[in-house]
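*Asks:* Sharing a structure, written as structure tokens. Questions coming.
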Amino acid sequence: MIYNFPSTIKLVMFDLDGTLAVSKSPLDPEMASLLCTLMSRVKVAIISGASFAQFKVEVLDKLTCGQEQLSNLFIFPAQGGSLYGHDASGKWNMVYEHNFTPEEVVKIRGALDVAIAEAVKRGINFPEQVYGERIEDRGSQVTFSAVGQQAPVDVKKTWDPDHAKRDVILSILIPLLPDCAIAIGGMTSIDIT
């Protein structure tokens, strides 16, 4: 049930993982229904480090809203590095996208390699089993996930629950990439935008 709220509220924003859904999991039917109801009243924005493709599988494909509700939904993949809106023809269109250049991605990957090697020297252990890619280029964001992008939630929960390991990696990485925003994201990720 969605309770009445002041008419002055025009937009409600959400994070995806850990807020609307379990990490890298689809919306459950109840949450999808609640979002559709909310979108009939106000504009809704969802921001995440996820790619648009991940949003499609986890959110958009689970919504059964009509066109009117979907026109009130705005998707911000890659921590807002891009924006998608729903048009009258029923399609999701990119409003903007601020991607890294190929040279910037190479520089970021190199900095991550250096930071990981230095973190190992400082005693940070990385799991031997990796589920999917550790470094993912999402266009306007490069994401490092120590256990891999497709790791099960129970594996993610145990690697760095207090952020101590990622804090060490951040302290090494930030000086290497002074022109980037670098932040801890999700349960095992570092997002570079």
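The values are calculated or read from the model by the stated rules, or taken from the named source; none is laboratory data. Treat the numbers as computed from the prediction; the structure is a model and nothing was measured. Ideal geometry is used to build each Cβ from the backbone, glycine not excepted, and the neighbour counts take in all protein chains shown. For accessibility, only protein heavy atoms count, side chains too; no ligands or nucleic acids. Shrake-Rupley method; radii C 1.70, N 1.55, O 1.52, S 1.80 Å.
*Asks:* Tell me which of GLY139, LEU38, GLY90 sits at the most positive position along the dipole axis of the chain, charges placed on C-beta atoms (Lys, Arg +1; Asp, Glu -1).
*Replies:* Most positive-ward Cα: LEU38.
*Asks:* May I have the convex hull volume per residue, in Å³, for the Cα set of the chain? Write out the running numbers ahead of the final one.
*Replies:* Values: hull volume 26.1 nm³, N = 193.
Once divided by residue count, the hull of the chain is 135 Å³.
*Asks:* So how exposed is ARG41, as accessible area in Å² (1.4 Å probe, rounded to 10)?
*Replies:* 120
*Asks:* What's the FRET efficiency of ALA164 with GLN67 using the Cβ-Cβ distance as r and R₀ = 45 Å, to the nearest 0.05? Intermediate values should be presented prior to the final figure.
*Replies:* Details: r = 47 Å, r/R0 = 1.04.
Working from the Cβ atoms, E equals 0.45.
*Asks:* May I pose another question? Please give the charge dipole size of the range 10-165, origin at the Cα centre, charges +1 on K and R Cβ atoms and -1 on D and E Cβ atoms. Round to the nearest 20 debye.
*Replies:* Details: 16 positive and 20 negative charges, 43 e Å.
Computed about the Cα centre, the dipole is about 200 debye.
*Asks:* Working from the alpha-carbon coordinates of the range 58-167, get Rg over Rh, Rh being the Kirkwood radius. Intermediate values should be presented prior to the final figure.
*Replies:* On the way: Rg = 17.9 Å, Rh = 16.6 Å.
Reported Rg/Rh (Cα atoms, Kirkwood Rh): 1.08.
*Asks:* Suppose R0 equals 22 Å. What FRET efficiency, 1/(1 + (r/R0)^6) with r the Cβ-Cβ distance, do VAL120 and ASP154 give to the nearest 0.05? Show your work: numbers first, answer last.
*Replies:* Details: r = 24 Å, r/R0 = 1.10.
The value I calculate is 0.35.
*Asks:* Less than 11 Å from a label point 7 Å out along the Cα-to-Cβ axis of ASN93: which backbone N atoms in the range 17-58 qualify, by residue?
*Replies:* none
*Asks:* To the nearest 20 debye, what is the magnitude of the charge dipole of the range 89-132 about its Cα centre, counting +1 on the Cβ of each Lys and Arg and -1 on the Cβ of each Asp and Glu? Mind showing how you got there, number by number?
*Replies:* On the way: 5 positive and 6 negative charges, 17 e Å.
Once rounded to the nearest 20, the dipole reads 80 debye.
*Asks:* Shifting gears a bit: Just flag the chymotrypsin sites (Phe, Trp or Tyr not before Pro) in the range 1-88 sitting in loop per DSSP whose Cβ has no more than 11 other Cβ atoms within 10 Å. Please list the in-between numbers first.
*Replies:* Working: sites: TYR3, PHE14, PHE52, PHE55, PHE74, TYR84; in loops: TYR3.
Passing sites in the range 1-88 are TYR3.
*Asks:* Using a Cα-Cα cut-off of under 16 Å, which lysines could be cross-linked to LYS43, ignoring same-chain neighbours fewer than 8 residues away?
*Replies:* Qualifying lysines at Cα under 16 Å: LYS10.
*Asks:* For ASP113, ASP15, ASP179, give the ranking by accessible area with the largest first, probe 1.4 Å.
*Replies:* Numbers: ASP113 95, ASP15 70, ASP179 140 Å².
Of ASP113, ASP15, ASP179, the descending order of accessible area is ASP179, ASP113, ASP15.
*Asks:* Counting DSSP beta bridges in the range 1-121, what percent are antiparallel, to the nearest 5? Let's see the in-between values first.
*Replies:* Working: 7 of 17 bridges.
Antiparallel bridges make up about 40 percent of those DSSP assigns within the range 1-121.
*Asks:* Please work out how much length the chain gains when fully extended from VAL57 to GLU104, using 0.36 nm per residue of separation minus the C-alpha to C-alpha distance, in nm with one decimal. Working shown, then result.
*Replies:* Values: separation 47, 0.36 × 47 = 16.92 nm, distance 2.81 nm.
Answer, rounded to one decimal: 14.1 nm.
*Asks:* Where only protein heavy atoms count, and the probe is 1.4 Å, what is the accessible area per residue for the chain in Å²? Don't skip to the end; give the middle numbers.
*Replies:* On the way: 10060 Å² over 193 residues.
With the other protein chains kept in place, the chain gives 52 Å² per residue.
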